[in-house]
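Just so you know, all these numbers are worked out from the coordinates, no wet-lab data involved. These numbers were taken from a predicted model, which means no experiment stands behind them. Note that we place each Cβ from the backbone using ideal geometry, even for glycine, and neighbour counts take in every protein chain shown.
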């Protein structure tokens with residue numbers, strides 16, 4: 001992963017801590033060593049992304065990659081996606097939707113809102129681990145722009 | 001009061017008979033009274049004839065007497081002219097009168113008396129005239145003065161007047177009777193007409209009542225039909241809504257179940273990966289015979305832990321399979337369905353052809369009725385529904401007899417159609433008829449591989465199309481699956497929104 005000026009930070013919004021841990025483990029196995037900041041609910045994740053004033057200025061010069069689960073306890077991942085893509089400071093940050101939902105309409109909606117990748121979590125672990133590792137490899141070659 | 005059709009027939013028949021009777025009475029009365037009028041008329045004519053004949057006879061007699069008196073007085077033959085004239089006519093008058101009197105009761109006696117008196121009078125007249133001609137005028141006058149002719153004449157007058165009076169009376173009577181007849185005819189006609197009017201009115205009233213009742217019954221029937229159709233539609237919509245809810249529920253539940261399952265499976269793998277170096281290490285290291293702790297640890301690392309992980313893995317795999325099955329069903333409900341025109345005979349024949357190979361191995365025959373209708377429905381759903389049913393029929397065929405599968409259709413109310421898939425397979429016990437449609441439930445000997453999803457899947461698909469599926473079956477004889485479908489799915493979809 002390019003890390004010229006500032007290293008890329010992976011923001012992981014995933015309410016299931018077990019999933020979060022398994023995702024982190026498999027990303028690391030793919031050789032990605034970037035910082036991963038985990039959030040288990042939407043509110044704290046939004047606070048981190050847009051700051052206490054909600055303007056998003058805090059993310060202005062960050063290099064962000066967002067891993068997003070759609071089923072969160074306090075809000076829908078879709079509304080987080082909407083906010084991220086609507087804010088000028090975060091709209092260029094790649095968003096990877098990683099969730100259990102495989103509903104066709106939901107997938108379409110996410111891409112319509114500007115999601116960059118949509119991945120359905122495979123249930124069996126081999127598939128899951130494989131998908132995350134490939135995602136990690138993908139991360140290691142992709143260019144992440146500065147958010148704003 | 002409701003009128004049954006038999007009451008109607010009886011009532012109308014009775015009324016018609018009454019009307020006919022009234023008409024016959026009128027006609028009969030008219031004929032009879034007409035006859036009587038004819039009689040009365042004849043009577044009047046006869047009486048008038050008799051009256052005229054009597055008066056003619058009397059006038060002739062008087063003329064004869066007048067001529068005799070004139071001659072006796074003047075001795076001049078000229079004065080005898082009325083007498084001669086009368087004598088010429090008298091005989092024919094007398095004959096006519098006698099004839100007419102013959103038809104009267106007691107007429108013979110009267111005509112005899114008249115004839116006798118007339119003979120006496122005419123004799124007297126003749127005698128006096130003869131005497132006068134012979135110049136013996138005194139003798140003639142004497143004969144006149146003897147009053148024989150006078151008495152005879154007076155008798156005659158009396159008799160003839162009696163006859164005239166009798167004729168007058170008969171005339172009066174006949175006229176009175178004629179009037180009575182006319183009046184009777186009038187009343188008969190009037191009463192008959194009233195009866196006929198009453199009968200016609202009654203019939204009309206009965207028919208109107210009956211027609212009204214029929215109309216009312218028809219209206220009730222159509223209301224019932226509409227209600228029935230509405231109820232069918234409502235029930236179908238309810239069923240579909242319930243189906244949809246179950247599917248949504250299944251979808252949510254399976255997704256929520258999946259998340260922890262991913263953890264269990266993931267960390268089991270991690271655990272397995274972690275156990276491997278421990279086991280390798282334990283297997284390599286020597287353990288002293290008296291070190292109980294070390295040998296326990298070795299046993300745990302090499303046997304107990306791998307065994308436990310193995311059970312966790314197999315159980316989670318099974319759970320994964322079940323969740324996937326539920327997901328599959330819930331996904332069916334979420335797949336958009338598209339109504340298109342489908343010729344059921346063609347479609348089912350194609351489904352039958354698709355399994356022809358397996359059927360042939362069982363010496364089986366599939367018979368698809370060729371009169372199935374064309375319906376508007378979702379082709380993919382129908383393919384899956386009937387494909388599943390046919391697969392089951394083949395799968396659960398009875399090995400002791402060649403397989404026979406029969407597919408037939410039947411029209412139902414509410415614009416629906418039932419399609420029966422009947423086989424002669426091993427059948428389903430009565431207790432299991434509902435159970436076979438439940439998820440993960442199977443019936444009978446578990447001799448064939450399967451997850452117990454097929455029929456649950458089929459039922460979901462059928463209900464998605466606004467239909468339903470039921471089974472009738474006898475163990476050891478065969479099963480008939482009845483799929484009821486809306487002929488036009490769009491109507492059902494419309495009612496869902």
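In chain B, the longest principal axis of the Cα atoms and the axis of helix B:81-102 are about 40 degrees apart.
If you take each beta carbon of peptide A:15-22 and count the beta carbons of other chains within 10 angstrom, what is the mean? Working shown, then result.
Working: counts 1, 4, 1, 7, 5, 0, 4, 7.
Averaged over the peptide's residues, the number is 4.
Wrap a convex hull around the Cα atoms of the range B:239-334, take a quarter of its surface area, and give that in square nanometres.
Working: hull surface 29.2 nm².
That works out to 7.3 nm², a quarter of the Cα hull's surface.
Hull volume per residue, based on the alpha-carbon atoms of the protein assembly as shown and their convex hull, is 385 Å³. The slack between residue B:55 and residue B:317, meaning 0.36 nm per residue of separation minus the straight C-alpha distance, is 79.7 nm.
Pairs of Cα atoms under 8 Å, at least six residues apart: use those to get the relative contact order of chain B, whole percent. It would help to have the intermediate numbers written out before the result.
Details: 558 pairs, mean separation 62.1, N = 497.
Value for chain B: 12 percent.
Of interest is the spacing of the C-alpha centroids, which for the range B:56-125 and the range A:83-131 amounts to 155 Å.
Arranged from highest to lowest average of other beta-carbon atoms within 10 Å per residue, in what order do the peptides B:275-286, A:25-36, B:258-269 appear?
Numbers: B:275-286: 12.2, A:25-36: 16.0, B:258-269: 19.2.
Taking the mean over residues of other Cβ atoms within 10 Å, the ranking is B:258-269, A:25-36, B:275-286.
Over the whole of B:268-279, what's the average partner chain Cβ count within 10 Å per residue? Rounded to a whole number, please.
Working: counts 1, 6, 5, 0, 1, 0, 0, 0, 0, 0, 0, 0.
What the average comes to for B:268-279 is 1.
Could you list log10 I(q)/I(0) for chain B at q = 0.11, 0.13 Å⁻¹, which the Debye formula gives when each Cα is one point scatterer? The computed values of log10 I(q)/I(0) come out as -1.02, -1.18. If you model the range B:113-227 as an ellipsoid using its alpha carbon gyration tensor, with each semi-axis the square root of five times an eigenvalue, the axes come out at 90, 9, 6 Å, biggest first.
Taking every DSSP helix (H) stretch of at least 4 residues in chain A, weighting each as -39,500 (n - 2.57) and dividing the sum by the residue count yields a mean residue ellipticity at 222 nm of -12000 deg cm²/dmol. Per the Debye formula on identical point scatterers at the alpha carbon atoms of the range B:5-212, with no solvent, log10 I(q)/I(0) at q = 0.08, 0.17, 0.18, 0.19 Å⁻¹ is -0.51, -1.06, -1.13, -1.19.
What does a probe at residue B:148 reach in the range B:99-129, counting residues whose amide N is under 19 Å from the point 7 Å along Cα→Cβ? Flagged as within label range: B:113-129.
Determine the calculated [θ] at 222 nm for chain B from helices alone, applying -39500 (n - 2.57) to every DSSP H run no shorter than 4 residues and normalising by the residue count; nearest 500 deg cm²/dmol. After summing the helix terms and dividing by the residues of chain B, the value is -26000 deg cm²/dmol.
Per 0.36 nm of contour for each residue apart, how much would the distance between residue B:472 and residue B:123 grow if the chain were fully extended, relative to their Cα-Cα spacing?
Additional length available on full extension: 112.6 nm.
Output the 0 to 90 degree angle, nearest 10, between the alpha-carbon long axis of helix B:5-74 and the longest principal axis computed from the alpha carbons of chain B. The two axes meet at around 10 degrees.
Counting other beta carbons within 10 Å of each residue's own, what order do B:54, B:12 fall into, fewest first? Numbers along the way, then the final one.
On the way: B:54 25, B:12 15.
Lowest count first: B:12, B:54.
Which order do the peptides B:451-458, B:199-206 come out in when sorted by mean C-beta neighbours inside 10 angstrom, highest first?
Values: B:451-458: 19.2, B:199-206: 14.8.
For the peptides B:451-458, B:199-206, the packing ranking is B:451-458, B:199-206.
The C-alpha atoms of chain B define a longest principal axis, and helix B:305-334 lies at about 30 degrees to it. Binning the C-alpha pair distances of the range B:340-496 at 5 Å intervals from 0 yields a P(r) profile of 2, 9, 19, 23, 21, 15, 8, 3, 1, 0 %, listed from the shortest bin outward. Taken over the range A:9-141, the ratio of Cα radius of gyration to 2.2 N^0.38 Å equals 0.98.
Please state the equivalent ellipsoid semi-axes for the range B:27-92: what are the square roots of 5 times the Cα gyration tensor eigenvalues, largest first, in whole Å?
Details: eigenvalues 423, 12, 5 Å².
Square roots of five times the eigenvalues give 46, 8, 5 Å.
At a Förster radius of 60 Å, what calculated FRET efficiency corresponds to the Cβ-Cβ distance of residue B:136 and residue B:35, to the nearest 0.05? Could you put the intermediate results ahead of the total?
Working: r = 63 Å, r/R0 = 1.05.
My answer for the efficiency is 0.45.
Within 10 Å of the Cβ of each residue in A:67-75, the mean number of Cβ atoms contributed by other protein chains is 1.
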